[in-house]
Amino acid sequence: MAFFNSGSRALVEILTRMQSTERPLPVDHTFFEFGSIRYHVEASASDSENVYLSISTPSLSHEASPSPSGLPEITLQETRKTYHKFAEIIELPRDGYVLTLKLNFTGLTRPKDRTKAINQVSRLQSVVLSSQLKHMLGRLGPSSTMRLVYNQRDPFFVSKTVKILR
């Protein structure tokens, strides 16, 4: 199981390298982390201010109520809230991905702010997975069980029981 609070080192490296170049270069990277999380980073030399970041994560449960993009609405709201200063959600994500963000760091003038934003973006996977988990646990009934699948070989179950105080 991936740690929810860890960031993507590869994503930090790619975004930092892109921000530190004097001349904009086209970028088109696809990479995997933790076996089932896929990222795609794309930028063009002609549109140097914007970087498009797409992520594909496994759905934690088939019982979650997804939006048309494949993610629960609460996940999209949490993503907007977390990245509102420098990113916007692209309504139709890139094919094969559940979420695409349009990143624009030009409003962050201090290098320290850009570094902080890049580190924040590197934790996109944890924002997506933890908000899905919060949503599912909030919908769990008083005596129900939910199957969570992060890795097909290692599903686990979460149940909520009523505690009787005497």
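Scan the range 127-145 and give yes if some residue there is part of a strand (DSSP E or B) and at pLDDT below 90, otherwise no.
Yes.
With respect to the stated conditions, Gly107 is out of contact with any Pro (no Cβ under 7 Å at 6 or more places or on another chain), assigned to a loop (DSSP other than H, G, I, E, B), closer than 25 Å to Gln19 by Cβ and at pLDDT 85 or above.
Count, please, the residues in the range 77-92 that happen to be modelled with pLDDT under 90 and surrounded by 12 or more Cβ atoms within 10 Å (Cβ to Cβ). Within the range 77-92, residues that are modelled with pLDDT under 90 and surrounded by 12 or more Cβ atoms within 10 Å (Cβ to Cβ) number 0.
The values are calculated or read from the model by the stated rules, or taken from the named source; none is laboratory data. Predicted model only: the values in this text are computed from it and were never measured. All Cβ positions, even for glycine, are placed from backbone atoms using ideal geometry, and neighbour counts span all protein chains on display.
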